[in-house]
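A quick write-up on the structure given underneath.
The values are calculated or read from the model by the stated rules, or taken from the named source; none is laboratory data. Everything numeric in this text was worked out from a predicted model, so none of it was measured. Cβ atoms come from the backbone with ideal geometry, glycine included; neighbour counts cover every protein chain shown.
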Amino acid sequence: MKTTALLLAALISANVVAADVPYPENYRQWQHVKSMVIEPGHSLYGSFGGIHHLYANPKAMQGYRTGKFPDGSIIVFDLLEAKSADNAVTEGNRKVVGVMQRDAKKYAATGGWGFEGFAGNSKTERVVGDKAATACFACHQAQQQHDWVFSSYRP
């Protein structure tokens, strides 16, 4: 854990940028991995409240099945507002499209993953950029034993 903390400190001081992670075109055509809702009262509601849909490209699906994600894996976290009315929860506006892209060499300093978030329906407005090392990777460190990925696939 001490090594991980030292690595994170080095990343922060080096101002690691993952702004080269591209918008994932046609990701909603990929395999749907799971959905969930984070409601008020959850510790992450302020940042991640709403409906979450996760999608994986074919290489990422290989990673979900084997536990080891190969280079080229892309996981998309599609976060939408959750609207409650008439005893139903429905999708509202898109809040962010979060992207994890696997390239062990390019993103070696962040567990082999590049991170980015795109605001709302924009394919160009980045919301993570140079904060990837602190905002994304720091949280994903808790999942190091699962190749830095929180989600799991249920066939």
Considering only the stretch 138-155, state which residues are in contact with a Leu (Cβ under 7 Å, 6 or more places away or on another chain) and either of a type in the set (Phe, Trp, Tyr) or part of a loop (DSSP other than H, G, I, E, B) (or both).
SER151
If you take the residues in the stretch 35-57 that are within 13 Å of the chain's Cα centre (by Cα) and in a strand (DSSP E or B), which one is nearest to ASP103 (Cα to Cα)?
ALA56
In the stretch 85-95, is there at least one residue being among the basic types (Lys, Arg) and in contact with a helix residue (DSSP H, G or I) (Cβ under 8 Å, 6 or more places away or on another chain)?
no
With the condition kept exactly as written, say whether any residue in the stretch 15-31 is modelled with pLDDT of 95 or more, assigned to a strand (DSSP E or B) and farther than 19 Å from CYS136 by Cα.
yes
Members of the stretch 34-61 found to be surrounded by 18 or more Cβ atoms within 10 Å (Cβ to Cβ), within 19 Å of GLU116 (Cα to Cα) and of a type in the set (A, V, I, L, M), listed by number:
ILE51, LEU54, ALA56, ALA60
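Here's the yes/no breakdown for (1) within 23 Å of SER122 (Cβ to Cβ); (2) assigned to a helix (DSSP H, G or I); (3) among the basic types (Lys, Arg):
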| residue | (1), (2), (3) |
| --- | --- |
| LYS59 | no, yes, yes |
| LYS68 | no, no, yes |
| PHE77 | yes, no, no |
| LEU80 | yes, no, no |
Quick one: PHE69 ticks every box in (1) under 13 Å from the mean Cα position of the chain (by Cα); (2) surrounded by 20 or more Cβ atoms within 10 Å (Cβ to Cβ); (3) within 24 Å of ARG28 (Cβ to Cβ) except a single one, so which number is it?
(1)
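Considering only residues that are farther than 17 Å from TYR45 by Cβ, of a type outside the set (A, V, I, L, M, F, W, C) and surrounded by 13 or more Cβ atoms within 10 Å (Cβ to Cβ), which ones fall in the stretch 76-89? Even if it seems obvious, please write down each step before you answer.
Here is the first cut: in the stretch 76-89, the residues farther than 17 Å from TYR45 by Cβ are 76, 78, 85-88.
Keeping just the survivors that are of a type outside the set (A, V, I, L, M, F, W, C) gives 78, 86-87.
Passing the criteria: only ASP78.
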Tell me, please, whether a residue that is modelled with pLDDT of 95 or more and under 15 Å from the mean Cα position of the chain (by Cα) can be found in the stretch 103-110.
yes
Among the residues of the stretch 68-75, is any among the β-branched types (Val, Ile, Thr) and closer than 15 Å to LYS34 by Cβ?
yes
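Under the condition of being outside any strand (DSSP E or B) and of a type in the set (A, V, I, L, M), which residue from the stretch 90-133 is surrounded by the fewest Cβ atoms within 10 Å (Cβ to Cβ)?
Our first condition is that a residue be outside any strand (DSSP E or B); within the stretch 90-133, this holds for 103-112, 120-125, 127-133.
Filter once more, keeping what is of a type in the set (A, V, I, L, M): 104, 108-109, 127-128, 132-133.
Values: ALA104: 12, ALA108: 10, ALA109: 15, VAL127: 16, VAL128: 23, ALA132: 24, ALA133: 24.
Residue satisfying both the conditions and the ranking: ALA108.
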